[in-house]
Amino acid sequence: MSYQDYEIVIGLEVHCELKTESKIFCGCTTKFGGDPNTHCCPICTGMPGTLPVLNENVVEYAVRAGLATNCKIAEFSKQDRKNYFYPDLPKAYQVSQFDLPLCYEGEVEIEVNGEVKKVGLTRIHIEEDAGKLLHEAGEGSLVDYNRCGVPLIEIVTEPDMRSPEEVGIFMQKLRSILLYSDVSDCKMNEGSLRCDVNLSVRKKGSTEFGTRTEMKNINSFNFAVKAAEYEAKRQIKTIESGGTIVQETRRWDDVKGVTVSMRSKEEAHDYRYFPEPDLMPIITPKEKIEEIRKSLPEMPDLRKVRYISEYGISPKDADLIVASRNMADYFETAAKASKNAKTVSNWIITEIFSKLNEDQKEEGSIPFKPELLAELVNLIEEDIISNSIGKKVFAQMWETGKSPNTIVEEEGLKQISDDGALIDMAKEVISSNEKVVADYLSGKEQAVQSLMGQMMKKTKGQANPKKVIDILKDILNQMK
Ligand SMILES: [Zn+2]
């Protein structure tokens, strides 16, 4: 078998919970959690005789997501019933969109091995989420309808991805765009963002698609990549050993690291879609679409280009910073207030990222304002403190939220810039280190490092290292 003879073809269906306050067709809260069946009413539990009313914000959020992903927006759109029986769906149908989705023909740019590639979006439509089944040992299955009627958008891509790696890159990019557009919190651990992976393989050079399988409801980027890797290998192995691929829905089992067959894949006609008679068509006038377009923030791709040209940071650093809107905003405020934007980006990437990682916190939870990071950078730029003292100050800022100026003042951390004091100290160190001095004078330039180490120790790191070296060399060279 040769894995290299095959091309992998992947498309995704991404479900994203919108962050509206109330559900799509009733006034119930969309808050995550709560005791089972406490966030529901007769409408979201599908009681006979109730009528849904569409939440206007759902349309606005979906249009925002559509515009942010370069979609066309339908001025006329409608909702349809998707019929299927499952206990988590009290009406036995889901209100979704069939032939006239709200957004269509979009695209998202991703960067794969340094090359820009476009992933097409077939459509984005709105729909309602289902409830959740809880399987309790000995008690059978219970159902919680709190999530029922929470608004979702489903983002369907073209089969444009060609490797599991591209799936990971695309999902990161999409998450970043959705966060920028402020339509979802994208918390994967709470199910706000989940995806179905559709995958097939074909011999390289072939233009026809192979039979695809679908892996449902994957709630982590990592799992999506792993599921795609496993499934591609499984399909190639099956074909190479003379078997055929069955069109089916499979489940990713993360514990075993395999995909498992669930059921044969449904076709659209299995759902007997028909127009939802209880809801009016959705009319979105051009003016409204333009108004929403104007309200969108600058997207990550554009920010990246601007940060490189305006602040002189490297493309790699810009990528890391613009991935999250919170971090990008933080960087920009700090960069504007500081004397050196590049140093600001260095502090974010080395110190702030690792602290957030260590504390397992999200980008929004930096314990001090960006202006204070700028203040710290300026103290270093103005030679008031050294870089190593800067790190100590930073650690205290993280603990206490205090301003760097206050910390430097309280702890007396100002750099010693009195040349006279440093010269005296240097003379002292030189006279008590005869052997090191002899080494230096005989040509071992490195020896000066040991003298400098002692100076830094004496000054508790508060001397300017460059100045210390200069002073030491001055005195030593006079001894030659
Ligand atoms: Zn309700």
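The values are calculated or read from the model by the stated rules, or taken from the named source; none is laboratory data. From a predicted model like this one, the values you see are computed outputs, not experimental measurements. Note: ideal-geometry Cβ built from the backbone for every residue, glycine included; neighbour counts use all protein chains shown. Note: areas computed on protein heavy atoms with side chains; ligands, DNA, RNA excluded. Shrake-Rupley method; radii C 1.70, N 1.55, O 1.52, S 1.80 Å.
Here are the numbers:
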{"read-out": "Euclidean distance of C-alpha centroids, the range 359-413 and the range 276-347, integer Å", "value": "26"}
{"read-out": "Sequence of I416, I389 from largest to smallest accessible area, 1.4 Å probe", "value": "I416, I389"}
{"read-out": "Which of D88, D99, D80 is most accessible, then next, and so on - probe 1.4 Å", "value": "D99, D88, D80"}
{"read-out": "C-alpha center-to-center spacing [the range 221-240, the range 1-74] in angstrom", "value": "28"}
{"read-out": "All Cα pairs of the range 195-275, percent lying beyond 15 Å", "value": "59"}
{"read-out": "Where labels lie 7 Å past Cα in the beta-carbon direction, separation of F76 and N222 in nm", "value": "4.9"}
{"read-out": "Share of alpha-carbon pairs per 5 Å distance bin for the range 319-376, given as whole %", "value": "4, 21, 35, 28, 11, 2, 0"}
{"read-out": "Nonlocal amide H pairs with Y93, under 5 Å, H built at 1.01 Å", "value": "Y84"}
{"read-out": "Cα Rg over Rh - the chain, Kirkwood", "value": "1.12"}
{"read-out": "Paramagnetic reach from E139 (point 7 Å along Cα→Cβ, amide N under 20 Å) across the range 29-60", "value": "33-40"}
{"read-out": "Whole-Hz couplings from phi, Karplus 6.51/-1.76/1.60, listed for the range 277-291; x for Gly and Pro", "value": "x, 8, 10, 6, x, 9, 9, 10, x, 3, 4, 5, 4, 5, 4"}
{"read-out": "V255-E105 pseudo-label distance in nm [points 7 Å out on the Cα-to-Cβ vector]", "value": "4.8"}
{"read-out": "Theoretical gain in end-to-end length, E267 to V112 [0.36 nm per residue, Cα-Cα removed]", "value": "52.6 nm"}
{"read-out": "Three-way shape label, the range 419-479, alpha-carbon gyration tensor, a/c 1.5", "value": "prolate"}
{"read-out": "Those lysines that a straight Cα-Cα span of less than 21 Å connects to K204, excepting residues fewer than 8 apart in one chain", "value": "K117, K118, K233, K237"}
{"read-out": "Residue-span extension gain [A438 to N405] - 0.36 nm each, minus C-alpha spacing", "value": "7.7 nm"}
{"read-out": "Over the range 3-290, equivalent-ellipsoid semi-axes from the Cα gyration tensor in Å", "value": "32, 24, 18"}
{"read-out": "5 angstrom amide H check on A463, placed H, neighbours 5+ away", "value": "I416"}
{"read-out": "Label zone at K355, where the point sits 7 Å out along the Cα-to-Cβ direction: the range 364-397 residues whose backbone N lies under 13 Å", "value": "364-377, 390-397"}
{"read-out": "³J(HN,Hα) computed for each position of the range 307-314 - Karplus, 6.51 cos²θ - 1.76 cosθ + 1.60, integer Hz, glycine/proline x", "value": "4, 5, 7, 7, 10, x, 8, 6"}
{"read-out": "Computed over the chain: relative contact order in percent, which uses C-alpha pairs under 8 Å that are six or more apart", "value": "13"}
{"read-out": "Exposure rank, largest accessible area first [C41, C148; 1.4 Å]", "value": "C41, C148"}
{"read-out": "Local electrostatic count, K203, Cβ distance below 12 Å [Lys/Arg +1, Asp/Glu -1]", "value": "-2"}
{"read-out": "Solution diffusion estimate, µm²/s, Stokes-Einstein, the range 161-215, Kirkwood Rh from C-alpha pairs, 37 °C, viscosity 0.692 mPa s", "value": "248"}
{"read-out": "Whole-percent carbon and sulfur share, accessible surface of the chain, 1.4 Å", "value": "51"}
{"read-out": "Computed lengthening from K288 to E428, 0.36 nm per intervening residue step minus Cα-Cα distance", "value": "42.8 nm"}
{"read-out": "Under 13 Å, Cβ to Cβ, from C40 - net charge with Lys/Arg +1 and Asp/Glu -1", "value": "0"}
{"read-out": "Alpha-carbon gyration tensor eigenvalues x 5, square-rooted, for the range 294-418, Å", "value": "27, 16, 12"}
{"read-out": "Rough spin-label spacing in nm, given labels placed 7 Å along Cα→Cβ, for K233 and E56", "value": "5.4"}
{"read-out": "Those GluC sites (Glu not before Pro) in the range 234-281 that DSSP places in a loop and that have at most 14 other beta carbons within 10 Å", "value": "E266, E267"}
{"read-out": "Residue-normalised accessible area of the chain, expressed per residue, 1.4 Å probe, Å²", "value": "50"}
